[in-house]
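Okay, here's the structure, questions in a sec.
The values are calculated or read from the model by the stated rules, or taken from the named source; none is laboratory data. Just so it is clear, the model here is predicted, and its values are computed rather than measured. Every residue, glycine as well, gets a Cβ built from its backbone with ideal geometry; the counts of neighbours run over all protein chains shown. Protein only, heavy atoms only, side chains kept; ligands, DNA and RNA dropped before computing areas. Shrake-Rupley method; radii C 1.70, N 1.55, O 1.52, S 1.80 Å.
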Amino acid sequence: MAPKNKFTKEEMVAAAVRVVRARGIDALTAKALSAELGVSTQPVFTCFHTIDEAKREVCSAAERVYDRYVGEGLQMPIPFLGVGMQYMRFAKEEPELYRLLFLTKHEDGGSSAMDALHHSQDLVRESLQQTYHIDAPTADRYFRDMWLVVHSLATLIVTGDCSYSEQEMSEILTGFSVSLCKAIKEIPGFAENNFDRDAVFHELVKK
């Protein structure tokens, strides 16, 4: 009979998350996890059959952390803006978990970042429709374009290249939001991508 592990699975996963938070997912090895727990590697493999299994558990734990950030954003006066600001705050406060979730490919080759886009889009669609008086496809177009800006800023934060304050980032998002809303409301076919681009730009540059 195998010896009983003195750590619960939850405690083992929490230790693995600490390793990843400190040094990134590539640093999560049986040796690193056993050192974090102060034990030999034997309990690690009693809990996890492989280190890849431990990494999957860390990924699930990271998703739960991110969901808490999103939940706080959805409670803000403007939910879709709150989600964007929380996305960037997650990047600032949990850079290695952000890298794991949004800058790492899935095992099947898919993009975690795009999964986050569609998941967040579903969460804020109704808020967008009610606030801007637009239909669901238009809300999705608006959110997609805004999310690409948010993701760019968050990635700059994680890579240490963002010099903007939280206030400045909020102002950047507001500027893009106004531009998108104005285009959606005033350019027929903009949301559907079937407007006359040449005619629109011709009119703009004349002003």
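Of the listed peptides 40-49, 145-154, what is their order by residue-averaged count of other C-beta atoms within 10 Å, with the highest listed first?
My ranking of the peptides, most packed first, is 145-154, 40-49.
Per residue, how many Å² of accessible area does the range 4-108 show with a 1.4 Å probe?
Dividing the accessible area of the range 4-108 by its residue count gives 54 Å².
Can you tell me the Rg and Dmax of the chain, counting just the alpha carbons, in angstroms?
21.6, 82
Assuming R0 = 30 Å, what is the FRET efficiency of Gln42 and Arg64, from their Cβ-Cβ distance, to the nearest 0.05?
0.60
Then there's this: Work through the residues other than Glu166 whose Cβ is under 15 Å from its Cβ and net out their charges, Lys, Arg +1 and Asp, Glu -1.
Residues close to Glu166 contribute a combined charge of -2.
Take each of the peptides 17-28, 77-88, average the number of other beta-carbon atoms within 10 Å over its residues, and list them starting from the highest.
77-88, 17-28
Let me ask something additional. Sort 163-172, 125-134 for me by packing, meaning the mean count of neighbouring Cβ atoms within 10 Å per residue, highest on top.
So the order, starting with the most tightly packed, is 125-134, 163-172.
Add -39500 (n - 2.57) for each DSSP H run of 4 or more in the chain, then divide by its residues: what number comes out at 222 nm, to the nearest 500 deg cm²/dmol?
-24000 deg cm²/dmol
Something else now. Working out 0.36 nm times the residue gap between Thr159 and Thr29, then minus their Cα-Cα distance, what length gain in nm do you get to one decimal?
Going from the current span to full extension adds 44.4 nm.
How far apart, in nm, are the 7 Å Cα→Cβ label points at Leu74 and His49?
Taking the simple label geometry, Leu74 and His49 are separated by 3.4 nm.
Still on this structure, please answer the following. Would you mind checking the range 63-94 for residues with the amide N under 12 Å from a putative spin-label position 7 Å along Cα→C-beta of Asp115?
Once the point is set 7 Å along Cα→Cβ of Asp115, 63-64 turn out to lie under 12 Å by backbone N, inside the range 63-94.
Could I ask something else about it? What spacing in nm lies between the two simple spin-label points modelled at Gln129 and Arg56, each 7 Å away from Cα in the Cβ direction?
Calculated label separation equals 3.6 nm.
Looking at the range 25-111, which GluC sites (Glu not before Pro) are in a loop (DSSP not H, G, I, E or B) and have at most 14 other Cβ atoms within 10 Å?
The qualifying sites are Glu107.
As a quick test, which of the pairs Lys31/Lys105; Lys6/Lys55; Lys92/Lys206; Lys92/Lys207 have an alpha carbon distance above 31 angstrom in this structure?
Lys92/Lys206; Lys92/Lys207
Can I ask one more? I'd like the distance between the alpha-carbon centres of the range 39-89 and the range 115-173, rounded to an integer number of Å.
Using only Cα atoms, the two centres lie 20 Å from each other.
On to the next question. So, with a 1.4 angstrom probe, what is the percent of accessible area on the chain that is carbon and sulfur?
Accessible surface attributable to carbon and sulfur in the chain totals 55 percent.
Could you grab the relative contact order for the chain? Cα pairs under 8 Å, six or more apart, rounded to a whole percent.
Relative contact order of the chain: 15 percent.
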